[in-house]
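Working notes, beginning with the structure itself.
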Amino acid sequence: MILERGTPVLEDSATPNLVVQGISKSFAGARALDDVTLSVGYGEIHGLLGHNGSGKSTLIKILSGVHAPDSGHVRIGERDLPLPLPPGEFNRFGIAVVHQALGLVPSLSVTENLLVRRLVRDANPMIRWGRAKREAEALFSRYGLSLDPDALVSKLAPVERALLAIIRAFSELDDTAGDGGLLILDEPTPFLSRADVEQLFALVRALADRGTSVIFVSHDVDEVIDLTDRATVLRNGRVAASLTTRNASKSDFISAIVGRSLNMTRPPPRTIGATQAAVVTDLRASGLEPFNLTLRRGEVVGLTGLLGSGYDWVPYLLYGAKPADGGTLSVGGAEVAIADVTPSAAMRLGMVLVPGDRPGAAVADGLSVAENIALPVFGRLLPRLMVTGARINQHAATLAEDFDIRPREPERAVRDLSGGNQQKVVLAKWLQTGPDLILLDEPTQGVDVGARQQVYEFIRKAADRGASILCASSDHEQLEAICDRVLIFSRGRVVSTLSGDEITKHAITERCLNSLGGNLQGEAVNG
Amino acid sequence: MGDVIAGSQPTRSTVNQIRRGRPRFLAELERFALVLAWLVVIVIFGVLAPESFLTWPNFSTIFGSQAVLVILTLGLIIPLTAGDIDLSVAQVLTLSSMTIAVLNVGHGWPIGLAIAAALAIGVATGILNAFFTLFFRIHSLIVTLGTGTFLHGITLWISNSSTIGGIDWTLVQAVILTRLFGIPLAFYYAVAIALVLVYVFEFTSLGRKALFVGRGREVARLAGVPVTRVRLICFIASGVLSAIAGTLYAGTSGSADPTSGTQLMLPAFAAAFLGATSITPGRFNPLGSTIAVYLLVTGITGLSILGIDTYVQDLFYGGALVLAVALSQLVRGREESLTEL
């Protein structure tokens, strides 16, 4: 059901609106972008795809003026972009960005949200609300949107919010750039239903028909095929493919995203006992279909899917960190209603949770390494009502050795450590308790490559000891490295399961990318 | 993330080591900077006014009379450690001292019972503050701003807005008249409370858990710390200590007046934040707070001995609060504020 559109401006036929020429960018010695070149014509919708860590977000940040590239340049319309730009300045060059978070203020009205950036920019001391509202109405009706200018954004449906964010970005272009302009949509669709996505696409097409260039960032290959004229696929910071959508098949896209096979450090197959260690029955929560899972002793199960598919909620729900609606969990010989589980109850049942949000939920990073490690065991360090700082430090020193936490200075604040070492602190803090069920969310996020291998080792060692491990992750390489079984989620339910030798980074990615359309399920993708 | 980039990253920790590497004596100097500052203040005023400032009666008066402020500050740092702000401490102090006066003088209650009633007010206020903060999830700043004003209304009401004197002399005896080594007993009460708090903060798991509740509430919750209970306990403790401070306040003069105590809120905050730059820098701590109180009061006493007007108090305390917070931000590398304001 692709809508008919005017002739998209393609390839070399005309001067492109946006030219990204030979952009490279490194962070702390790690190359994020390497000689990336792409161009987008007037009125063209251009897809941008790639894995986490492919360089997509770095490119978007450069285009929106956050980072300056190390080399290369960006031209828009007739002008070179003087990168980096001060915040908000990119508007002046005819660029507008809609991030996934949309950037709306829920407690304000549609009109106020529409005006907010103009209020910041214009020195006009007087707001004429009547006129602003009429203008908003005119803008909405021109693009066939039925939004009430007085409605609070918090009362809008998710798709209406996305539409508002996009039309707002476009309206900011309208009065800044003479013609064309560039609209960057950074994954605006992951939480929308198919019908909503169509509505959103209709708007994007209507905007492109006015000559605006659109960069559409997405994980969803089907959406990219549906919407875009051309697409660029990034992989490991390089352009892996430049495709004309009309001439490319879905498997062209997928093999460009996945790339050729890399040597992986897949561990030798392990023999897992047949003993059931944890059984999740009928776990229910909003955004999740009833979920069932049986974990054996020593088994490592991965949960993954596209953004918004719900897999990343499961560890938090089981631990009682987020409220579940129902379901039962039996672990360590006890059976409990998941809705009643609290973190302290979960700890008593032998569960631990390593959250993905390290500074927010895993460590108090202003406090010392030793204090953070001691947090779950303060009670045990308390023989005679005296937990001295020395006792805490001494306890941490032993664990710092076991978990190779560098530097070996337990009294140092956690924030002074590298991401990898911070994560080792979190693992030491929780694995010291000898848990039976370990719940992980993105355990190697923000962890450097060297420490990553160590994190894998600690996880595997815990599994060898007999713990069951449930790991939510969007890092498919990691899942390949540690998992005995991988469950792939789409729209709140498990749509595919891989186990044993089937678990490859490719297979996981392919299943994820296909999870929405589903018609290529099982078809091999050659690298 | 790419396999391609493996090994090319310099480790961040080495960078940090270079950046963070600081001579040890600087760290020690930082810990005791407040004590040094106090000594410097004493020396300056000692030189400027040797006859009146550098006298034992002057210092023993400072030690004794400011014990009230020390205890109030100690009460304040308990919820601050757990990440809550209690703006009602000074009004709890005023109300509890007035309660003692009204019950003891007006209704003829024995002094012991009157003090018990004052402490009960501290407990009740703590519970009230905790209830609105925790149950309705309102920021403690707003809740305690309201309860404090409400309590002050009660103080004015029960006292008819006037000073009540003639409180049982045994209280005055026990607070200010009896001296040990020349210093009124009030000082030793404050020191005893400070030492108890040092024990709780430093050597019990409750103290460490409160610290986690303040610094990483979600971290604490996920580690099974009963966050709500810890915050409740901290509010109650602050109420009780404020009431104890109120009791000593009544005992210092044998009377209670409805307004002067409320002016202690700002000095208490100034001392709490100034104290957090010292002893265990970056953390609210009892010894640092105690030293900070005496540093501030010594400065003000010195200035008034030099004949400078009383408005200097406001200049001094107000300036000290902002400077103290700025200093503590420097100590913590400007990375996060001590409280989530």
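Taken together, the values in this text are just the output of simple stated rules run on the coordinates, not laboratory data. Predicted model only: the values in this text are computed from it and were never measured. All Cβ positions, glycine included, derive from the backbone under ideal geometry; neighbour counts span all protein chains shown.
One table, with the values for the structure above:
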{"read-out": "Space enclosed by the convex hull of the alpha-carbon atoms of chain A, per residue, Å³", "value": "173"}
{"read-out": "0 to 90° range, to nearest 10: angle between helix A:110-121 axis and chain A longest Cα axis", "value": "80"}
{"read-out": "Ellipsoid semi-axes in whole angstrom, largest first, where each is sqrt(5λ) of the Cα gyration tensor of the stretch A:277-514", "value": "30, 21, 15"}
{"read-out": "Set A:61/A:322; A:322/A:429; A:133/A:322; A:61/B:209 screened for pairs whose C-alpha atoms are more than 28 Å apart", "value": "A:61/A:322; A:133/A:322; A:61/B:209"}
{"read-out": "Cα centroid of the stretch B:58-77 to Cα centroid of the stretch A:209-259, whole Å", "value": "70"}
{"read-out": "Full-extension gain in nm, residue B:156 to residue B:138, via 0.36 nm per residue minus C-alpha separation", "value": "3.8 nm"}
{"read-out": "Percentage relative contact order, chain B, counting C-alpha pairs under 8 Å, at least six apart", "value": "30"}
{"read-out": "Percent RCO, i.e. relative contact order, over the stretch B:212-341, from Cα pairs under 8 Å lying at least 6 residues apart", "value": "21"}
{"read-out": "Dipole of the stretch A:277-514, positive direction: furthest Cα of A:417, A:367, A:291, with charges on the beta-carbon", "value": "A:367"}
{"read-out": "Exposure proxy order (Cβ contacts within 10 Å, fewest to most) of B:262, B:125, A:398, B:155", "value": "A:398, B:262, B:155, B:125"}
{"read-out": "Segment residue A:275-residue A:143, length gained on full extension (0.36 nm per residue, minus Cα span)", "value": "41.5 nm"}
{"read-out": "Whole-Å distance, taken between Cα centres, linking the stretch A:428-468 and the stretch B:298-314", "value": "60"}
{"read-out": "Centre separation in Å (Cα based) which lies between the stretch A:129-160 and the stretch A:295-339", "value": "40"}
{"read-out": "Ranked list, fewest to most other Cβ atoms within 10 Å of each Cβ, for B:139, B:152, A:46", "value": "B:139, B:152, A:46"}
{"read-out": "Furthest towards positive pole of dipole, B:144, B:115, B:311, structure part chain B, Cβ charges", "value": "B:144"}
{"read-out": "DSSP bridge pairs, the stretch A:277-514: antiparallel proportion in percent, nearest 5", "value": "55"}
{"read-out": "Ranking of B:56, A:430 by count of other Cβ atoms within 10 Å, fewest first", "value": "B:56, A:430"}
{"read-out": "Partner chain coverage, peptide A:360-368 - average Cβ within 10 angstrom", "value": "6"}
{"read-out": "Helical contribution to [θ] at 222 nm, DSSP H n ≥ 4, -39,500 (n - 2.57), averaged over chain A, rounded to 500", "value": "-9000 deg cm²/dmol"}
{"read-out": "Low-density loop cleavage sites - chymotrypsin sites (Phe, Trp or Tyr not before Pro) in the stretch B:147-249, where at most 10 other Cβ are within 10 Å (DSSP)", "value": "B:181"}
{"read-out": "Among A:461-467, B:47-53, the order from most to least packed when residues are scored by Cβ within 10 Å on average", "value": "A:461-467, B:47-53"}
{"read-out": "Positive-end residue of A:456, A:397, A:327, charge dipole of chain A with Cβ unit charges", "value": "A:397"}
{"read-out": "Peptide B:224-235, shielding by other chains (average Cβ, 10 Å cutoff)", "value": "2"}
{"read-out": "Exercise: per-residue mean of other protein chain Cβ atoms within 10 Å, A:450-462", "value": "1"}
{"read-out": "Ratio of the Cα radius of gyration of the stretch B:86-206 to 2.2 N^0.38 Å, where N counts its residues", "value": "1.23"}
{"read-out": "Exposed trypsin sites (Lys or Arg not before Pro) absent - longest run of chain B, DSSP non-H/G/I/E/B, at most 10 other C-beta within 10 Å", "value": "B:138-333"}
{"read-out": "Whole-number percent relative contact order across the stretch A:277-514, with pairs defined as alpha carbons under 8 Å at least 6 apart", "value": "28"}
{"read-out": "The stretch A:310-397: trypsin sites (Lys or Arg not before Pro) in DSSP coil with no more than 12 other Cβ atoms inside 10 Å", "value": "A:384"}
{"read-out": "C-alpha long axis of helix B:56-65 to longest principal axis of chain B, angle in °", "value": "80"}
{"read-out": "Size of charge dipole - the protein assembly as shown - debye, nearest 20, with Cβ of Lys, Arg +1 and Asp, Glu -1, no other charges", "value": "1520"}
{"read-out": "DSSP-defined antiparallel bridges as percent of all bridges, the protein assembly as shown, nearest 5", "value": "55"}
{"read-out": "Loop-exposed GluC sites (Glu not before Pro) per DSSP, neighbour cap 10 Cβ within 10 angstrom, longest uninterrupted part of chain A", "value": "A:79-527"}
{"read-out": "Per-selection Rg to Rh, the stretch A:11-257 - Cα, Kirkwood hydrodynamic radius", "value": "0.96"}
{"read-out": "Bridge type composition, the stretch A:11-257 - antiparallel percent by DSSP, nearest 5", "value": "55"}
{"read-out": "For peptides B:104-112, A:234-242, sequence by mean Cβ density within 10 Å, most packed first", "value": "A:234-242, B:104-112"}
{"read-out": "Bins of 20 Å from zero: percent of alpha-carbon pairs in chain B", "value": "29, 54, 14, 3, 0"}
{"read-out": "Residue B:127-residue A:457 pseudo-label distance in nm [points 7 Å out on the Cα-to-Cβ vector]", "value": "5.6"}
{"read-out": "With Cα atoms, 0 to 90° folded angle of helix A:419-431 axis to chain A main axis", "value": "40"}
